[in-house]
1. On the given criteria, is R41 open to solvent by 60 Å² or more (accessible area, probe 1.4 Å) and farther than 20 Å from W13 by Cα?
2. Can you find, within the stretch 69-116, the residue that is nearest to L129 (Cα to Cα) among those that are among the hydroxyl-bearing types (S, T, Y) and outside any helix (DSSP H, G or I)?
3. Quick one: what pairs do we get from the stretch 11-35, first residue of a type in the set (D, E, K, R), second open to solvent by less than 80 Å² (accessible area, probe 1.4 Å), C-beta under 9 Å, 6+ apart or different chains?
4. With respect to the numbered conditions (1) under 12 Å from the mean Cα position of the chain (by Cα); (2) at pLDDT 95 or above; (3) farther than 19 Å from T27 by Cβ, which one is the sole condition not fulfilled by F127?
5. Going by the structure shown, is T100 modelled with pLDDT of 95 or more and open to solvent by 30 Å² or more (accessible area, probe 1.4 Å)?
6. Of the conditions (1) under 19 Å from S14 (Cβ atoms); (2) out of contact with any Asp or Glu (no Cβ under 6 Å at 6 or more places or on another chain), A58 fails just one. Which one is it?
7. Which residue pairs have Cβ atoms under 6 Å apart, sit 6 or more places apart or on different chains, and have a first residue in the stretch 71-82 that is open to solvent by 60 Å² or more (accessible area, probe 1.4 Å) and a second that is part of a helix (DSSP H, G or I)?
8. Out of G28, G57, I need the residue that is outside any loop (DSSP other than H, G, I, E, B), within 28 Å of S146 (Cα to Cα), open to solvent by less than 60 Å² (accessible area, probe 1.4 Å) and touching a Leu at 6+ places or on another chain (Cβ under 7 Å). Which one?
Amino acid sequence: MDDASVWNGNWAWSLPLIVITVIFHVTGLVFINERVVRAKRFLKKGRGFLAFALILGAATLAAILLHALEAAIWAGVYERLGALPDGKSAILYSLSAMTTYGHERLALANHWQLMGALEALNGMILFGLTTAFLYGMIRELLADRSGSRAIGHTKR
């Protein structure tokens, strides 16, 4: 049996998972951004670096929790489909795949391996969104802290 026929249609489970997790992630980032906008008033009241660090730290923690929830969604599907034997293995595999860390002791059966690779692709997309979000947030917070519209730009 060649490798392509081993996959059957099992990888197709990945497509709705990718869409669901991206929508969930973007919604979560919007929610985090709304909280950051509210918290920015502390920067404007002269609270300085501590407020900046607390806002950034809280937003980063919230983004990490988003990633953990998304990995849990994948893990739940792996466990339900019987691709992994239990929840502990499923969450460990899912976190490893999503972060592209990999884990030598956990492996999917041949017919599930493309799904694992697509989860890694999904993880890269989600981490890219988070990186762009945090970068934009840092720029905005620093601009607000310094009183200019954007870093490197003066008010006109």
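The values are calculated or read from the model by the stated rules, or taken from the named source; none is laboratory data. What you see is a predicted model; the values in this text were computed from it and never measured. Glycine also receives a Cβ, built like all others from the backbone with ideal geometry; neighbour counts cover every protein chain displayed. Only protein heavy atoms, including side chains, enter the accessible area calculation; ligands, DNA and RNA are left aside. Shrake-Rupley method; radii C 1.70, N 1.55, O 1.52, S 1.80 Å.
1. Numbers: open to solvent by 60 Å² or more (accessible area, probe 1.4 Å): yes; farther than 20 Å from W13 by Cα: yes.
So R41 fits the description; yes.
2. Pass one, the stretch 69-116, residues among the hydroxyl-bearing types (S, T, Y): 78, 89, 93-94, 96, 99-101.
When the remaining residues are screened for being outside any helix (DSSP H, G or I), the result is 99-101.
Values: T99: 13, T100: 16, Y101: 18 Å.
Among them, the one singled out is T99.
3. Pairs found: R35/I55; R35/A58; R35/A59; R35/A62.
4. (3)
5. Working: modelled with pLDDT of 95 or more: no; open to solvent by 30 Å² or more (accessible area, probe 1.4 Å): yes.
Criteria not met by T100.
6. Only one criterion in (1) under 19 Å from S14 (Cβ atoms); (2) out of contact with any Asp or Glu (no Cβ under 6 Å at 6 or more places or on another chain) is unmet by A58, namely (1).
7. E79/G87; E79/A90
8. Details: G57 fails: touching a Leu at 6+ places or on another chain (Cβ under 7 Å).
None of the others qualify; the one that does is G28.
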